[in-house]
Amino acid sequence: MNNRVNIVLNSNSLWQKVKHQTEQALSCGALKSIPTDYELIKNEEIDFLVRIVTNLGRKEKAKKEQKKLGKDFNPFLPYEKDLFVADISDTHICLLNKFNVVDYHLLIVTRDFEEQETLLNLNDFAALCACLLQIDGLGFYNNGKIAGASQRHKHLQLVPFPWVPELPKTPIDQVIKTVTYQDKIGQLPCFNFAHGITKIAFNDNNNVLELAQQRLDSYHDLLKHLKISINEEGKPEPYNLLVTREWMMIIPRSQPKYQSISINSLGFAGALLVKDEQQMKLLREVKPLTILEKVSNRLINN
């Protein structure tokens, strides 16, 4: 596997490419940004960033068009040329997220088709680390539909910091500072459901292969710690993966949404999206942490 990793992304080039391509894609209409308002909703120690969509029309129309094309339609093969940002490696490319809620939301996509529900490998982590070295943000992976994935073609995602002026990084970063670790794996005190977090900071030499191998090892340690089973086809139980320059977290999943509110990896980083005032009202009444608990898999005390 090591011999296959070949990073072709030029150093210190990605951010300029992202900004340039975003401008181009907006001007030609390929990028369909979804406008939102947002507010911070405090639940225990976390200031959850909750965005409310002001116009979902574009995405809903696109979903209907995709359904007409059939369940096997793949937007990444071929990908839209106007959304292409850069070649990352021999195995991965970087695209703009066509329906972005957060500015400069990136997709890290395998060149060849791989199932979204398969295990991540060294090539996946190498591509993610190559991007994280140049853009500080939250990398994440939704393992299957139950974890919030909308496409079958394997892709990781990266959302650059800051997301809003009030928050330098994720809403859960302050809580992460209070975590205690046993055998290098810890738990957030306010997350009353199965999850695991490990500290894994970027080192000084910035060797992409070393960074990727460290994260791959931590990934397998977390899967083992959480007893996430893998079937005969090599597909693990649904889970969300979050990765930053400082830490990695995995959360097993049991369902894709709570009532009408869909949850993907970003929810466990403290960032939620609601479609209308009715969903916002539900979120305020039930509380974000309760919603995360309802869609996770297993209470922490079980």
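General remarks:
- Any chance K32 is out of contact with any Asp or Glu (no Cβ under 9 Å at 6 or more places or on another chain), at pLDDT below 95 and among the charged types (D, E, K, R): yes
- The condition of being more than 27 Å from K287 (Cβ to Cβ) and of a type in the set (F, W, Y) holds for only one of F202, F191, F161, that being F202.
- Residues that are polar (S, T, N, Q) and not in a helix (DSSP H, G or I) occur in segment 261-282; there is at least one.
- Residue in segment 85-99 that is farthest from A126 (Cα to Cα), counting only those that are assigned to a strand (DSSP E or B) and out of contact with any Cys (no Cβ under 6 Å at 6 or more places or on another chain): L96
- Selection status of L242, in contact with a helix residue (DSSP H, G or I) (Cβ under 9 Å, 6 or more places away or on another chain) and of a type outside the set (S, T, N, Q): yes
- Of the numbered criteria (1) out of contact with any Pro (no Cβ under 6 Å at 6 or more places or on another chain); (2) at negative phi; (3) modelled with pLDDT under 95, the one N55 fails is (1).
- The C-beta contact set for segment 228-244 (first residue touching a residue at least 60 places away in the same chain (Cβ under 8 Å), second residue of a type in the set (K, R) and surrounded by 12 or more Cβ atoms within 10 Å (Cβ to Cβ), distance under 9 angstrom, 6+ apart or interchain) comprises E237/R253; P238/K145; P238/R253; Y239/R253; N240/R253; V243/R215; T244/K169.
- Look at segment 110-133: where a residue is among the polar types (S, T, N, Q) and crowded, with 18+ Cβ neighbours inside 10 Å and a partner is part of a helix (DSSP H, G or I) and at pLDDT below 95, sitting 6+ places away or on another chain with Cβ atoms under 7 Å, you get N123/R4.
- Residues that are part of a strand (DSSP E or B) and either out of contact with any strand residue (DSSP E or B) (no Cβ under 6 Å at 6 or more places or on another chain) or modelled with pLDDT of 95 or more (or both) do occur in segment 64-84.
The values are calculated or read from the model by the stated rules, or taken from the named source; none is laboratory data. Every value quoted in this text rests on a predicted model; they were computed, and no experiment measured them. For neighbour counting, all protein chains shown are included, and Cβ atoms are generated from backbone atoms with ideal geometry for every residue, glycine included.
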